[in-house]
Structures are given as structure tokens and as C-alpha cells.
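No lab work stands behind these numbers, since they all come straight from the coordinates. Treat the numbers as computed from the prediction; the structure is a model and nothing was measured. Neighbour counts are summed over all protein chains in view; Cβ atoms, including those assigned to glycine, are modelled from backbone coordinates with ideal geometry.
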Amino acid sequence: NKGNYSTYSKSSEVEYEAKIEFSYPLTGNVSNDVYLRKYRLKGRQLELKYKDKFDAILSDAQKLTTELKQGLKQLALYKQQIDENRAGKTETEFDAFLAGNSNIRFVIIENDDNQSLLLDQVEASINYHKNRIKYDSLMDRLLLNAE
């Protein structure tokens, strides 16, 4: 067996290999960054929702403030008209009718005008107080939110 050399050696050595691998992303923990961004986004969405709600309440309060001012002016005008109607007439249509100088139709028209004016004043007063209650309710909500 020319060129065929075989060697056999028995070795009592055992080879062991240990490997430790560290892996760390350069930007930090990716899953934590995702959660952090997610909750920052949710926080921002809540801030915007709160701001929108707060702005809506302020807008409603400003609208009601304007309506309350107009309601007070309207009530003052009704009071002035009623006072002028009472003070300006020395002789009413009813007195003229009793004296025989007027027609019953004019008495009815005069009473209808006076009652309509009083009803309009009552309606304006009701609207004013409804707006006042709404305004107070809004202010209570603003105070609760401010605390």
C-alpha cells in the first residue's frame, strides 16, 4: 500500500465551547419606545379632547352672556312700555265706553294690547331665567374643571 498511511491515535481530551451573545438595539428598547409613543399619543389626544370641550363650554358661556345682556335690555324695554301705557292714559277706552263715548271693540283691542304686552314680558322673563340657569350650570362645570 504505497502512499496509504493511516494513523490512529486515541485522545482523552474533550473539547467544550461556550458562547455568550449580547444584543442591544442602538436606540434603546424598541417595544418600550413603541409603548411610550403610544401613550404620549393617547395623552395628547386627551389633551385635545379636553381643550375642545373646554372651548365649547366657553363658547356657550359667551353666547349665554350675550343673550342674558339682551334679555335684560328687553325686560327693561317691556317695563318701560308698560309704565308708559299706565301713566300715559288719563282716560282708558273702558272709561270712555262707560261714559258712552267709545265702542266696545276699542275696549277689547286696548285690553288685548295690554295683555299681549304683559305676556311678552313674561315670556322674555322666562327666557332670561332659563338662560341664567344654563349659564350658572356652565359656570359650575368650569369651576369643577378648574379644581
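Tabulated results
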{"quantity": "Answer from Asn131, Asn101, Asn111 - the residue that is out of contact with any strand residue (DSSP E or B) (no Cβ under 6 Å at 6 or more places or on another chain), among the polar types (S, T, N, Q) and not in a helix (DSSP H, G or I)", "calculated": "Asn101"}
{"quantity": "Verdict on Ser116 being more than 30 Å from Leu58 (Cβ to Cβ), without any contact (Cβ under 8 Å) to a residue 24 or more places away in the chain and not in a helix (DSSP H, G or I)", "calculated": "no"}
{"quantity": "Positions within the stretch 78-130 being closer than 30 Å to Thr66 by Cβ, surrounded by 13 or more Cβ atoms within 10 Å (Cβ to Cβ) and more than 41 Å from the chain's Cα centre (by Cα), in sequence order", "calculated": "Asn85"}
{"quantity": "Single unsatisfied condition, Lys51 versus (1) farther than 25 Å from Asp140 by Cα; (2) of a type outside the set (Val, Ile, Thr); (3) surrounded by 10 or more Cβ atoms within 10 Å (Cβ to Cβ)", "calculated": "(1)"}
